[in-house]
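Data first, discussion second: the structure below is written as structure tokens.
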Amino acid sequence: MPLNQFARDVKEGLSSSPKRLSSKYFYDARGDKLFQQIMHLDEYYLSRAELEIFQTHKEALLTIMDHGVPFRLVELGAGDGLKTKVLLKHFLQQGVDFSYAPVDISPDVLEHLQENLLNEMPTLKIEPLAGDYFKVLADLKFKNHTHSVAFFLGSNIGNFLSDTAIAFLSSIHDNLQKGDYLMIGFDLKKDPKRILNAYNDAAGVTRAFNMNLLDRINRELDANFDTSMFDHNPIYDPMTGQCRSYLISKQALEVHVGALNETFSFREWEPIFMEVSKKYDLEEIQELAGKTGFRLVQNFFDQEHLFCDSVWEVI
Ligand SMILES: C[S@@+](CC[C@H](N)C(=O)[O-])C[C@H]1O[C@@H](n2cnc3c(N)ncnc32)[C@H](O)[C@@H]1O
């Protein structure tokens, strides 16, 4: 039987040096639930800050985005839509003619999202699309719509290294039309201790979220990872703004992955690179907009200036 994409990526990642796994695979049904718990942790300021931005600035955001013609709001990596809901409700209350197209790699998360939104907003026009946002941009056929607004929230952009961020945003730009908008959530550089705590919570939920990817490989690819043999180790580098998470094998060990018919050896204290969460400053945000064909229209902040939702226009 041919290997699916997940199996191929795990094979490539565990055969690489240094070993790595893609954070997009965190989000199976259990990973979705763990991420929702993370969003409610005291240490995880990101979601609260972005929610505050939408609650405070929903009118200003609508004023920018609404051109008086029907538009489609596409959200890339929508998750549980908790924060977006604030804007969707406001847009409906204002009688705006729009539809909502959430895109997510996790079909489970999209199913729950649709059910939850329609319960609360029965008149919402919603067209969910399950898929990898790198692959489905063309399927979204932006050019068939008079006006589009794309959302990329929750610091999803932070999960890309610089070249990938530029390539991905350029590809969004090429799919959109002149005058369309893109709103991106950026986590800002701040006290390194506060950043590190957000990825190393006291209750160990982020640890469990990372370990779940090893369990997912056990479940879906018939592997025998013993998660108690791995340590969760996030680090933050204030120079690059990168918070990187690793799982480190505490001793030399071998892991067999049945679906790949392959055994992978780990040296004592060998890391697997799991995720990057890049933090930005305002100069970097401005520069990224310029490099990818957008004009920065306005930055919106929470009171503490922890987070920034930056609205860009296609020029
Ligand atoms: C960090 S969560 C953020 C969710 C939401 N944007 C928020 O701000 O609360 C990332 C979401 O993006 C989805 N995701 C991650 N990588 C993806 C990819 N390559 N394609 C599509 N969705 C992806 C995950 O399933 C998850 O729901």
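The values are calculated or read from the model by the stated rules, or taken from the named source; none is laboratory data. In this text, all values refer to a predicted model and were calculated from it rather than measured experimentally. Glycine gets a Cβ as well: all are built from the backbone with ideal geometry, and neighbour counts include every protein chain shown. Just the protein is used for accessible areas: all its heavy atoms, side chains included, with ligands, DNA and RNA removed. Shrake-Rupley method; radii C 1.70, N 1.55, O 1.52, S 1.80 Å.
Name every residue in segment 149-175 that is within 12 Å of the ligand (Cβ to nearest atom), in contact (Cβ under 8 Å) with a residue 60 or more places away in the chain and of a type in the set (S, T, N, Q), in order of residue number.
SER155, ASN156, ASN159
For segment 6-23, enumerate the residues that are surrounded by fewer than 18 Cβ atoms within 10 Å (Cβ to Cβ), within 13 Å of the ligand (Cβ to nearest atom) and part of a helix (DSSP H, G or I).
If the condition is that a residue be surrounded by fewer than 18 Cβ atoms within 10 Å (Cβ to Cβ), within 13 Å of the ligand (Cβ to nearest atom) and part of a helix (DSSP H, G or I), then PHE6, ASP9 are the ones that fit.
Within segment 24-41, which residues are without any contact (Cβ under 8 Å) to a residue 40 or more places away in the chain and in a loop (DSSP other than H, G, I, E, B)?
Listed by number, the list holds a single entry, HIS40.
Conditions (1) part of a loop (DSSP other than H, G, I, E, B); (2) open to solvent by 10 Å² or more (accessible area, probe 1.4 Å), marked per residue:
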site	(1), (2)
GLY81	yes, no
VAL86	no, yes
PRO122	yes, yes
ASP139	no, yes
PHE151	no, no
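If MET274 satisfies all but one of (1) surrounded by 21 or more Cβ atoms within 10 Å (Cβ to Cβ); (2) out of contact with any helix residue (DSSP H, G or I) (no Cβ under 6 Å at 6 or more places or on another chain); (3) touching a residue at least 24 places away in the same chain (Cβ under 8 Å); (4) aliphatic (A, V, I, L, M), what's the number of the condition it fails?
With (1) surrounded by 21 or more Cβ atoms within 10 Å (Cβ to Cβ); (2) out of contact with any helix residue (DSSP H, G or I) (no Cβ under 6 Å at 6 or more places or on another chain); (3) touching a residue at least 24 places away in the same chain (Cβ under 8 Å); (4) aliphatic (A, V, I, L, M) applied to MET274, the lone miss is (2).
Only residues that are of a type in the set (Gly, Ala, Ser) and away from the ligand (no atom under 16 Å from the Cβ): list them for segment 53-100, please.
Scanning segment 53-100 gives ALA60, GLY68, GLY95, SER99.
Considering only residues that are within 19 Å of PRO234 (Cα to Cα) and near the ligand (Cβ under 8 Å from one of its atoms), look in segment 28-39 and name the one that is surrounded by the fewest Cβ atoms within 10 Å (Cβ to Cβ).
MET39
Return the only residue of LEU62, LEU73 being open to solvent by less than 50 Å² (accessible area, probe 1.4 Å), touching a strand residue (DSSP E or B) at 6+ places or on another chain (Cβ under 6 Å) and over 30 Å from PHE264 (Cβ atoms).
Checking each option against the conditions leaves just LEU73.
Residues of segment 153-183 being within 19 Å of ASP66 (Cβ to Cβ) and not in a loop (DSSP other than H, G, I, E, B), which ones? So that I can check it myself, show each step before the final result.
Filtering segment 153-183 down to residues within 19 Å of ASP66 (Cβ to Cβ) leaves 153, 176-183.
Once the filter is applied, which keeps residues that are within 19 Å of ASP66 (Cβ to Cβ) and not in a loop (DSSP other than H, G, I, E, B), segment 153-183 yields TYR181, LEU182, MET183.
Pick from ASP180, ASP201, ASP132: which is within 12 Å of the ligand (Cβ to nearest atom) and open to solvent by less than 70 Å² (accessible area, probe 1.4 Å)?
ASP132
Condition check: within 30 Å of TYR280 (Cα to Cα) and either open to solvent by 10 Å² or more (accessible area, probe 1.4 Å) or not assigned by TED's automatic domain parsing to the domain that holds MET183 (or both). Does ASP163 satisfy that? Working first, answer last.
Numbers: within 30 Å of TYR280 (Cα to Cα): yes; either open to solvent by 10 Å² or more (accessible area, probe 1.4 Å) or not assigned by TED's automatic domain parsing to the domain that holds MET183 (or both): yes.
In short, yes.
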